[in-house]
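To start, the structure under review is shown below, and the notes come after it.
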Amino acid sequence: MAVPLIAPSLLAADFARLGEEVEAVAAAGADWLHLDIMDGHFVPNISFGPVVVKALRKRAAIPFDVHLMIAPADPYLAAFAEAGADWISLHPEAGPHLHRSLQTIRALGKKAGVVLNPATPVESVAHVLDLTDLILVMSVNPGFGGQSFIESQLPKIAALRRMIDDSGRDIRLQVDGGVTATTAPRCIEAGADVLVAGTAVFGQKDYGAAIAAIRGAPR
Ligand code: DX5
Ligand code: ZN
């Protein structure tokens with residue numbers, strides 16, 4: 001099985017020590033940092049905004065993977081780009097024109113991602129693959145960390161892997177929600193190449209060992 005990239009989700013970190021947490025997880029071998037942006041409207045929780053992303057940007061050199069759970073998202077894309085996001089992903093349900101939103105992210109010089117909720121079909125991304133650098137499969141309903149992995153998303157990951165391979169495009173396939181050392185191999189087997197993990201990293205004492213366990217390969 002291929003070795004996936006691991007993107008720890010800051011949502012499970014100690015919010016009183018965010019800067020130190022970012023440094024620690026980068027030093028522990030995280031490939032990317034996943035930053036969950038929630039508005040209390042698109043999802044029933046509120047996290048943080050571009051000011052916090054900008055402040056944390058100085059603490060590590062790894063790519064910042066910003067997962068927008070806000071609606072509308074379009075008015076804030078430039079702010080997250082300026083704050084230091086490298087990847088910006090949004091849900092098709094967050095606005096009326098997904099194609100235009102992806103164009104905007106690309107025009108800002110950033111990598112563009114499409115996030116599919118558990119009930120959102122793979123077809124939602126089929127006609128925008130030319131503007132997509134990453135597809136994120138939500139394996140929990142977005143809004144909270146620490147939820148259980150939704151099994152029905154495994155065949156969806158496999159279907160998206162086929163769609164990406166058939167397209168011949170360079171598109172990352174990411175999974176987010178309930179990813180642990182137990183569920184990770186099944187995601188990788190289905191075709192995922194980037195795994196987001198919140199609780200399974202920040203909830204552990206040894207971040208390096210936790211990341212290595214999810215990655216499933218010797219460091
Ligand atoms: C949920 C977020 C996830 C969350 C994952 O809305 O998108 O990134 O932090 O947390 P765990 O890994 O604990 O399920
Ligand atoms: Zn996320």
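Values in this text are rule-based calculations from the coordinates and carry no lab data. Note that the structure is a prediction, hence the values are computed from the model and not measured. When we count neighbours, we look across all protein chains shown, and the Cβ atoms used for this are built from the backbone with ideal geometry, even at glycine.
Annotations
- Cβ-Cβ FRET estimate between Asp14 and Ala159, R0 fixed at 30 Å, reported to 0.05: 0.20
- The chain: most fluctuating residue of Ala71, Ala184, Ala55 per GNM, C-alpha cutoff 10 Å: Ala55
- Spatially, the range 183-206 and the range 38-107 are offset by 22 Å when compared through their Cα centroids.
- For the chain, the share of DSSP beta bridges that are antiparallel, to the nearest 5, is 5%.
- The range 5-215, relative contact order in percent, only Cα pairs under 8 angstrom and at least six apart counted: 21
- For the range 5-215, lysine pairs with C-alpha atoms less than 27 angstrom apart, excluding pairs fewer than eight positions apart on the same chain, total 8.
- Selection from Leu18, Val43, Phe202, by position along the positive dipole direction of the range 5-215 (Cβ): Leu18
- The amide H of Val179, built 1.01 Å from its N in the peptide plane, has Gly198 as neighbours under 5 Å, considering only residues 5 or more places off or on other chains.
- Kirkwood-Stokes translational diffusion coefficient of the chain, alpha-carbon pairs, 10 °C, 1.306 mPa s, µm²/s: 93
- Helical segments meeting 20 Å axial Cα length and Kyte-Doolittle -1.0 threshold in the chain (DSSP H): 153-167
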